[in-house]
1. Looking at A:324, A:366, A:361, which is the one that is of a type in the set (A, V, I, L, M) and within 12 Å of RNA strand B (Cβ to nearest atom)?
2. Does the range A:299-313 contain at least one residue that is farther than 30 Å from residue A:122 by Cβ, modelled with pLDDT under 90, in a helix (DSSP H, G or I) and not aliphatic (A, V, I, L, M)?
3. Does the range A:326-341 include one or more residues that are surrounded by 19 or more Cβ atoms within 10 Å (Cβ to Cβ), in a loop (DSSP other than H, G, I, E, B) and not small (Gly, Ala, Ser)?
4. Quick one: which of A:340, A:397, A:318, A:354 is more than 10 Å from RNA strand B (Cβ to nearest atom), at pLDDT 90 or above and among the aliphatic types (A, V, I, L, M)?
5. Scan the range A:167-186 and give yes if some residue there is assigned to a loop (DSSP other than H, G, I, E, B) and at pLDDT 85 or above, otherwise no.
6. Which of the helices (runs of 4 or more DSSP H) found entirely inside the range A:346-407 contain at least 2 residues meeting this: of a type in the set (D, E, K, R)?
7. Have a look at A:370, A:392 and point out the one that is surrounded by fewer than 18 Cβ atoms within 10 Å (Cβ to Cβ), without any contact (Cβ under 8 Å) to a residue 12 or more places away in the chain and hydroxyl-bearing (Ser, Thr, Tyr).
8. Filter the range A:400-419 down to residues that are near RNA strand B (Cβ under 7 Å from one of its atoms) and either modelled with pLDDT under 90 or more than 28 Å from residue A:270 (Cβ to Cβ) (or both), then give me how many there are.
Amino acid sequence: MTTDTAPEAFTPRSEFIRVMQERGYVHQCTDLTALDAAAAEGRFTAYVGYDCTADSLHIGHLISIMMLRWFQKTGHRPIVLMGGGTTKVGDPTDKDQQRPLLTDAVINANLASIRRTFSKFLTFGDTGGGALMVNNADWLEKLGYIEFLRDYGVHFTVNRMLAFDSVKLRLEREQPLSFLEFNYMLMQATDFLELYRRHGCRLQMGGSDQWGNIINGVELVRRVEGKPAFGLTTPLLTTSSGQKMGKTLGGAVWLNAEKLSPYDYWQMWRNTEDADVGRFLKLFTELPLDEIARLEALGGAEINEAKKVLAGEATTLLHGREAADTAAAAARAAFEEGRLSEDLPTVEVSAADLAGMSHTALMVAAGFASSNGDARRQIAGGAFRIDGVKVSDAAALVALSGPEAELRKGNARKRLVVT
RNA sequence: GGGGGAAUGUCCCGAGUGGCAAAGGGGGCGGACUGUAAAUCCGCUGGCGUACGCCUUCGUAGGUUCGAGUCCUACUUCCCCCA
């Protein structure tokens, strides 16, 4: 098995691979040269798989979504594979424990919700380069056990399966790996084969943690169909200081607007570390590379301009230009001009409620604290401001000077209270 | 089948002699410094109450004790050794 690791000296012929390389999407590829040649010949089909464990995708998925988007933009046909079937089994990769098994109803609801996000990045359609969304429950659930073993099981040796990191890790850490989970890689491999048969799909892409799973699919297509198939992975996304992305918001960075407002999404990008700006501009915007090079070169505080461009472009892709502009305007007013902005996320409190409300309660209502105790501790630490004035007495009643006021937690988190 | 270990603050790792809301890390949040950055230093990191306080937490269920994460019994899951 060939496992090139992002070869440096290589000039791609296909636009797709060229873009992938230039913008930093390539981590590993089964055979980059051959994939490039194949992609240069004409329309190609590739897929990325997503599970349905949550009702929204998060920032960790974004890199592969962008990859599919570029794939389509460069003339190819992307397939979004929803793991309605595999979600019922659970990927053992990088997990200590078995995932809770979800019901059909939940999986289907999640699937519908996730579909809306994809429609912002891809153009779906049955013709030519139109993107497809398919659910592997469609074929996995029909599979009989004997049939499965005979048709697919013969192609996998346990010897090799045991060598995969996802399995090895569990065994080394002496953590249980159920037989159910052990089968996950077989199921994922059959997905590739099925997509090859149904849609002529010859490439699976994904995060570097999926490498093992992807390899299995590639091998299966090669063995059963005797046709070349490819795998391509992206680097794991971390910030320069080694943190998970989006830590500033304390929690997952969701892509659904109902779970994370466009304003907060914009802020997340705005707070990118200096060292990450160039890399993120390449991965998460579609700005030309020379423009990115210019922005990246900005020194000192000027790099903040580049961060605003990053925030604007990334937010536009997900939530649209209007939402991005509104978020930018809100941030400008609140942070740079120091005035009240109507466009900040708001917290509504009735006048009657506000009359007897303590600072503690207001902070909880604003979503700045998870409990009264948390709010008191935060206030003791000087974290909470109303119209720029630090709140010192947790128990004191809230006294606003007008019908609206700006709430602030820490340096960067702002909300508007409206009575 | 027999013998020996292990499960801790619902983010993770991890100490714990019968008086424990429970050491220490990591992570997260906040303060200072800055540029809504990083690095650094400092503080906080179960719930309720203004407060002496009350409640809920150490795999599950019982028991001993004034008092149990700590002792006993059964069960669950995992690891190791023997067969």
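The values are calculated or read from the model by the stated rules, or taken from the named source; none is laboratory data. In this text, all values refer to a predicted model and were calculated from it rather than measured experimentally. Don't worry about glycine lacking a Cβ; one is built from the backbone with ideal geometry, like all the others, and counts go over all protein chains shown.
1. On the way: A:324 fails: within 12 Å of RNA strand B (Cβ to nearest atom); A:366 fails: within 12 Å of RNA strand B (Cβ to nearest atom).
On inspection, the qualifying residue turns out to be A:361.
2. The answer is yes; a qualifying residue exists.
3. No, that holds for no residue.
4. Numbers: A:340 fails: at pLDDT 90 or above; A:397 fails: at pLDDT 90 or above; A:354 fails: at pLDDT 90 or above.
Exactly one residue qualifies, and that residue is A:318.
5. Narrowing the range A:167-186 to residues assigned to a loop (DSSP other than H, G, I, E, B): A:173-178, A:183.
Remaining after also requiring at pLDDT 85 or above: none.
No; the residues of the range A:167-186 include none that is assigned to a loop (DSSP other than H, G, I, E, B) and at pLDDT 85 or above.
6. Once the helices (runs of 4 or more DSSP H) in the range A:346-407 are filtered for at least 2 residues that are of a type in the set (D, E, K, R), what remains is A:372-380.
7. Numbers: A:392 fails: without any contact (Cβ under 8 Å) to a residue 12 or more places away in the chain.
Sole residue among the options that is surrounded by fewer than 18 Cβ atoms within 10 Å (Cβ to Cβ), without any contact (Cβ under 8 Å) to a residue 12 or more places away in the chain and hydroxyl-bearing (Ser, Thr, Tyr): A:370.
8. Just the residues of the range A:400-419 that are near RNA strand B (Cβ under 7 Å from one of its atoms), to begin with: A:409-413.
Filter once more, keeping what is either modelled with pLDDT under 90 or more than 28 Å from residue A:270 (Cβ to Cβ) (or both): A:410-413.
Summing the residues that are near RNA strand B (Cβ under 7 Å from one of its atoms) and either modelled with pLDDT under 90 or more than 28 Å from residue A:270 (Cβ to Cβ) (or both) in the range A:400-419 gives 4.
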